[in-house]
Amino acid sequence: MRRLAAALVVALAATLAPPGACRAEERVLFSYPIFPAQPSYRIVNVDAAKREVLVTPAERAGGFMAPTEGPGILVVPSRAGNRPDTVVRIEVAEVLDDGSLRATFGQGAAGVVATGPALVARPFAGDISVQGAEPKMASTKSLRALPDVVRSAAEAPAAAGNVVDAVSAARAAARRVSSMNNLKQLALAMHNYHDAYGHFPPAAVIGPDGRPWHSWRTLLLPFLEEANLYKQYDFGQPWDAPANLAVAKKVPKVFQDPIAGLKDGSTSYAVLVGDDTLFPPGKNPKMATADDTQAAGGGGTRMTEITDGTSNTIMIATVAPERKIAWTKPEDIVVGPEGPSIGTPDGIAALHTAGSGKGAIVAIADGSVRMLAESLDKGILASIASRSGGEVVDYDSLAVEGADESAGGMRAIKIVAGADGTPTLELP
């Protein structure tokens, strides 16, 4: 996993959109990518007397490369309930067999480090979010020159109303990025499925009784590190058979958008089903008998059939939570001759906001993730939904202000030196 992460860093520099240029009197000392934008570790024990801390990896680590023994940074909340917004310089003394780290911190951080979520990193030198930047690990000397604590400029006093607005905006951004990351994982799984079978999964597998039995979501499970759940699902029975309904209760988190607030086995994501979409109903394979489980590997669109190009075709979209689609159920967004719609009950759901806009998050067939404005012209939307209409999409003209969809949800934290040399933390 770490080898893969290291390789991704090189590509990351070319894909990260700068969150905003630094002022002329500032310079970026260190930076570190976050994917997904969530804490990668959890502090489980703090010995204030010895100034020692024990951190353990979160269930799904959000950072690229944790430090080995030596200097690093620990990003922690400035107060309970906050997202991590304060950097503590640490010295990793030991890496345990389970990936946990024992580290020490300076006297100045004695009142800052507490149990809870955190991000642990060995940052890069300079600003890796600048296009064309060459990632270079920060030197030991430069890291040890940091003060014990580096605080975020956002901690400056603010009016109560501004604080509420900022917290609300931060939460909305976190949910948006989380949904984009879900779609990024699903799109990657789609491509891995294509690599394995020579085509994308069909939207549904038709049972011997002529009814849709299985969804593309169940077919993707082995490519989402859900092999055990895949084995529990019985492809010899329809999705709503009692045994498979029991599996439906074990919904993988990647199928649920955090903004939807789903508490059951419902999904937030669906493919577009239509004659000229990436998932035409004519590609759905039919099982000859209940034992014909091999049919699940048939059907599906090949990459060569996307004549519009993968960058101009929608792969997966968000559905309204009110539809209550079980993630195992072969039900998706049906696209008619006029194309899909955004913001309608049966269309693509516009659940997220960014800046002053509201829109729908979609995964494109090339693996990128975009946010389309709710007010997008229906003709343009129809052209993005089709796989062979001959259209070329100008995404720059469709962008929702503040969505930063071209970055695919990736962000970087930065430690910036001001004119007086004092370092401060900049958060994405």
Members of the stretch 78-100 found to be in a loop (DSSP other than H, G, I, E, B), at pLDDT 85 or above and surrounded by 15 or more Cβ atoms within 10 Å (Cβ to Cβ), listed by number: SER100
Flag if ALA204 is assigned by TED's automatic domain parsing to the domain that holds ILE361, touching a helix residue (DSSP H, G or I) at 6+ places or on another chain (Cβ under 8 Å) and of a type outside the set (Phe, Trp, Tyr): yes
If I ask for residues that are outside any loop (DSSP other than H, G, I, E, B), at pLDDT 90 or above and over 16 Å from VAL76 (Cβ atoms), which ones from the stretch 126-151 would you list? THR140, LYS141, SER142, LEU143, ARG144
Qualifying positions in the stretch 232-251 - surrounded by fewer than 19 Cβ atoms within 10 Å (Cβ to Cβ) and in contact with a helix residue (DSSP H, G or I) (Cβ under 9 Å, 6 or more places away or on another chain): GLN232, ASP234, GLY236, GLN237, ASP240, ALA243, ALA246, LYS250
The stretch 197-253 - residue that is in a helix (DSSP H, G or I) and of a type in the set (Lys, Arg) and, of those, modelled with the lowest pLDDT: LYS253
Going through (1) over 23 Å from HIS194 (Cβ atoms); (2) surrounded by fewer than 20 Cβ atoms within 10 Å (Cβ to Cβ); (3) at pLDDT 80 or above one by one, GLY357 fails only at (3)
Does ALA296 qualify as being modelled with pLDDT under 90, among the aliphatic types (A, V, I, L, M) and assigned by TED's automatic domain parsing to the domain that holds ALA172? yes
Let me confirm something: among VAL271, VAL247, which residue is among the β-branched types (Val, Ile, Thr) and within 20 Å of the chain's Cα centre (by Cα)? VAL271
Residues located in the stretch 275-313, provided they are small (Gly, Ala, Ser) and without any contact (Cβ under 8 Å) to a residue 12 or more places away in the chain: GLY282
Considering only the stretch 317-355, state which residues are under 23 Å from SER368 (Cα atoms) and over 23 Å from the mean Cα position of the chain (by Cα). VAL334, VAL335, GLY339, PRO340, SER341
Search result, residues across the stretch 47-76 that are more than 22 Å from PHE30 (Cα to Cα) and either modelled with pLDDT under 90 or surrounded by fewer than 21 Cβ atoms within 10 Å (Cβ to Cβ) (or both): ASP47, ALA48, ALA49, LYS50, ARG51, GLU52, LEU54, THR56, PRO57, ALA58, GLU59, ARG60
Those residues of the stretch 101-122 which are outside any strand (DSSP E or B) and either within 14 Å of THR86 (Cβ to Cβ) or among the aromatic types (Phe, Trp, Tyr) (or both) amount to GLY106, GLY108, ALA109, ALA110, GLY111, VAL112, VAL113, ALA114
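Per-residue answers, yes or no, for (1) aliphatic (A, V, I, L, M); (2) in a loop (DSSP other than H, G, I, E, B); (3) in contact (Cβ under 8 Å) with a residue 60 or more places away in the chain:
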site: MET315; (1), (2), (3): yes, no, yes
site: THR328; (1), (2), (3): no, yes, yes
site: GLY336; (1), (2), (3): no, yes, yes
site: PRO345; (1), (2), (3): no, yes, no
site: GLY359; (1), (2), (3): no, no, no
site: ARG370; (1), (2), (3): no, no, no
site: LEU381; (1), (2), (3): yes, no, no
site: ILE384; (1), (2), (3): yes, no, yes
Scan ASP276, ASP257 and give me the residue that is at pLDDT below 95, among the charged types (D, E, K, R) and touching a strand residue (DSSP E or B) at 6+ places or on another chain (Cβ under 8 Å). ASP257
Modelled with pLDDT of 90 or more and more than 30 Å from SER179 (Cα to Cα): is that true of GLY108 in this structure? yes
How do the pairs read when you match residues in the stretch 235-261 that are over 22 Å from SER178 (Cβ atoms) with residues anywhere that are in a loop (DSSP other than H, G, I, E, B) and aliphatic (A, V, I, L, M), using Cβ under 8 Å and keeping only pairs 6 or more apart or on different chains? GLY236/ALA290; GLN237/ALA290
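The values are calculated or read from the model by the stated rules, or taken from the named source; none is laboratory data. Bear in mind that the values here come from a model prediction, so they are computed numbers and not experimental data. So basically every Cβ, Gly included, is an ideal-geometry build from the backbone, and we count neighbours across all protein chains shown.
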